[in-house]
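Participant: Let me begin by handing over the structure; questions about it come next.
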Amino acid sequence: GVYCGSGVSAAHEVLALAAAGIAAELYVGSWSEWSSDPDRPVAVGPDPQ
């Protein structure tokens, strides 16, 4: 799976991988969208696990 901050540059990575013969999937939502979901668990503290 390929993702980035906004989803734009990840599309280039998928294309480059395809040119190299490697299949890849693009997560369209991007890291920004995925990480902004308040229902996702978050590890905090000096030694997050």
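Throughout, read-outs are computed from the coordinates displayed, never taken from laboratory work. Note that the structure is predicted; figures quoted are calculated from it, not measured. Cβ atoms come from the backbone with ideal geometry, glycine included; neighbour counts cover every protein chain shown.
Participant: Being surrounded by 10 or more Cβ atoms within 10 Å (Cβ to Cβ), among the hydrophobic types (A, V, I, L, M, F, W, C), farther than 11 Å from Gly5 by Cα and free of Cβ contacts under 8 Å to residues at least 24 places away in the same chain is the filter here; which residues of the stretch 18-41 pass it?
Facilitator: Within the stretch 18-41, Ala18, Ala24 meet the criteria.
Participant: Shifting gears a bit: Looking at the stretch 2-21, which of its residues are on the phi < 0 side of the Ramachandran plot, in contact with a helix residue (DSSP H, G or I) (Cβ under 9 Å, 6 or more places away or on another chain) and in a loop (DSSP other than H, G, I, E, B)?
Facilitator: Tyr3, Cys4, Gly5, Ser6
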